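A quick write-up on the structure given underneath.
The values are calculated or read from the model by the stated rules, or taken from the named source; none is laboratory data. As the structure is a computational prediction, the values presented were derived from the model and not from experiment. Every residue, glycine among them, receives a Cβ derived from its backbone with ideal geometry; neighbour counts consider all protein chains shown. To get the accessible areas, we keep the full protein, side chains included, count just its heavy atoms, and leave off ligands, DNA and RNA. Shrake-Rupley method; radii C 1.70, N 1.55, O 1.52, S 1.80 Å.
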Amino acid sequence: MSEARVRPGVFFSPAGRDLPRGRSALEPEVVRAAQRERILAAFAELVADRGLTTVTVADVVKRAAVSRSAFYAVFTDLPACADAAYQRFIEVLLERFAAACTDADDWLALIRSVIDAYLDTIAADLVVTRAMMLEMDAAGRAARDRRRTALAVIARFLHDRHTFWIGRDGTLGPLPGEAFLGFVYALRQLACDRLDEQPEPDLRSLREPVFRWVTASVMGAAST
């Protein structure tokens with residue numbers, strides 16, 4: 001089994017790996033929260049290493065060093081664990097996007113900041129990124145629905161910010177929401193291809209070509 005581990009503090013924080021077994025002085029909710037992080041991190045590690053379809057609850061609890069009862073105290077089944085892991089992945093990305101938007105003082109700066117935030121975040125933990133971006137589709141229709149929903153949320157986020165900047169910059173013209181969905185899908189696929197082809201991909205090298213493409217597309221939609 002691969003020893004690749006998630007990077008604590010990016011998507012998951014499994015600091016509780018060394019919690020003592022059995023009775024302890026920690027509050028039950030603290031122990032449960034720490035075990036939940038260990039379970040999520042273990043799930044991501046296993047999926048990145050072996051693919052989704054071969055991973056079982058037994059595998060996850062062994063890697064997380066928790067009991068089966070601890071697993072079922074926080075998740076009803078393995079699909080629920082997968083849902084929680086993927087939701088965390090998306091939540092972190094959206095938080096980074098929001099932070100990038102608050103730092104941008106014009107539309108071009110916003111585009112660069114959002115691209116940087118996306119690539120920097122997924123590059124910071126390739127184990128989780130591989131699990132969530134390459135392997136989760138194997139879960140079938142439910143996983144594909146999760147992916148579409150998540151990408152649509154990100155696209156709407158960018159569309160809303162573009163609409164906001166139109167009100168501030170008279171040179172910008174409107175674009176349909178599908179344009180932003182296309183940007184999001186394209187960037188994701190470019191990153192996925194790098195992840196699939198290279199053991200240690202330089203995801204950040206995508207920033208300049210993607211920035212040039214997106215800005216050319218958006219700025220081409222000038223106001224009339």
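Listed values, structure above:
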item	result
As computed over segment 103-192, the Cα convex hull volume per residue (Å³)	91
For the chain, fraction of C-alpha pairs farther apart than 32 Å, in %	27
Globularity ratio of segment 160-204, using Cα Rg and 2.2 N^0.38 Å	1.63
Surface per residue (accessible, 1.4 Å probe) for the chain, Å²	50
Solvent-accessible area, 1.4 Å probe, carbon plus sulfur percent, for the chain	53
R50/L190 FRET efficiency (R0 25 Å; Cβ-Cβ; nearest 0.05)	0.50
Sum of -39500 (n - 2.57) over DSSP H runs of 4+, divided by residues of the chain (222 nm, nearest 500)	-22000 deg cm²/dmol
Listed residues E45, E208, E197, most fluctuating in the chain (Gaussian network, C-alpha, under 10 Å)	E197
Net dipole in debye of the chain [+1 Lys, Arg Cβ; -1 Asp, Glu Cβ; about Cα centre; nearest 20]	600
Length gained when the stretch A152-R32 is fully extended (0.36 nm per residue, less Cα-Cα span)	40.0 nm
